[in-house]
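Coordinate-derived values only; no laboratory data. Since the structure is predicted, the reported quantities are computational estimates derived from the model, not experimental observations. Every residue, glycine among them, receives a Cβ derived from its backbone with ideal geometry; neighbour counts consider all protein chains shown.
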Amino acid sequence: MKQQVSKAECYRQFHLAYQLAFEEKSKRKNWNNIFALWRSAVKGGHIRAMFYLGTCYDHGHGVQKNLHLAFNWYLKAAKLGHRDFQYNVGFFYNTDELFKKNYSKKIYWYALAAKAGLIDAQRDLGYSYFYGEGVKKDFEKAIYWYKKAAAKNDAKALYNLGLCYKHGDGVKQSNRWSKHFFTKALLHGHRQAKIQLKKLQ
């Protein structure tokens, strides 16, 4: 009879794999060992291990690259309520890597992750509302989600807000606020913000 892995052992395996993957200074990672540890942790019910197992299949770390299996692991974890996994599932639906793009499903998963506070999902949900991808175009909702992400200093959201204030999309046109958001975007690494700031001078 196969012995079930204890919860404590699951967590030990997960964190050991995480340490080997992300905290070791050596550039040569033993991905076969890392993959095996995460797979064992998954068998014991560790949810975050599902995500990292998905990333292994996504990038071909310790196993042959397989986007279908990567997606399946992301989806399993997303259904258990983890916001990072939900965003990843939405991201797959935003591309044609596996199947035809499905913006409605993208919105469904982005919205769950955004409401749970994931910055990338908040920004990308704002982008979807701005351009009407999978939802009716709505500048006010776009601004709402951009501001959520910008409040956490997301460079892309800050830059997008700068553009909105520059052109008066969903907000009252304001060069002052445009400059404010472009300046913050530049501070947080958005290179194109520098070009926009020069245009405002």
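Assorted remarks:
- Peptide packing for 130-138, 52-60, 76-84 was compared via the average number of neighbouring C-beta atoms within 10 Å per residue; ordered from the highest value, the list is 52-60, 76-84, 130-138.
- Estimated translational D of segment 122-201 in µm²/s (Stokes, Kirkwood radius over Cα pairs; 25 °C; 0.890 mPa s): 203
- For segment 1-80, the Cβ-based charge dipole about the Cα centre amounts to some 80 debye (Lys, Arg positive; Asp, Glu negative; other atoms uncharged).
- About its Cα centre, the dipole of segment 77-157 is roughly 200 debye, where the only charges are +1 on Lys and Arg Cβ and -1 on Asp and Glu Cβ.
- From the coordinates shown, percent of Cα pairs over 32 Å apart corresponds to which of [x] 31; [y] 22; [z] 13: [x]
- For segment 1-80, the Rg and Dmax computed from alpha carbons only, in angstrom: 12.3, 40
- Candidates L118, H68, L80 compared by Cα position along the dipole of the chain: farthest toward the positive end lies L118, with charges placed on Cβ.
- When the listed pairs K25/K147; K7/K65; K29/K148; K136/K198; K79/K152; K65/K105 are checked against a 31 Å cut-off, the alpha-carbon distance exceeds it for K25/K147; K29/K148; K136/K198.
- Projecting the Cα atoms of F91, Q196, I107 onto the dipole axis of the chain, where Lys and Arg carry +1 and Asp and Glu carry -1 at the beta carbon, places Q196 farthest toward the positive end.
- Inter-label distance for K7 and K172, nm, one decimal - labels placed 7 Å from Cα along Cα-to-Cβ: 5.4
- Euclidean distance between Cα centres, segment 1-69 to segment 70-111, Å: 20
- Taken along the Cα-to-beta-carbon direction at a fixed 7 Å, the label points for L67 and Y108 span 2.0 nm.
- Modelled FRET efficiency - R0 45 Å, L197 with N33, Cβ distances, 0.05 increments: 0.40
- For segment 190-198, 3J(HN,Hα) per residue [Karplus equation, 6.51 cos²θ - 1.76 cosθ + 1.60, θ = phi - 60°, Hz, x = Gly/Pro]: 8, 5, 5, 4, 5, 5, 5, 5, 5
- Taking the longest Cα principal axis of the chain as reference, the axis of helix 31-43 is set at about 80 degrees.
- Rounded to the nearest 500, the helix-only mean residue ellipticity at 222 nm of the chain stands at -21000 deg cm²/dmol, with each DSSP H run of n ≥ 4 adding -39,500 (n - 2.57).
- Between K100 and Q19, the contour length at 0.36 nm per residue exceeds the Cα-Cα span by 25.5 nm.
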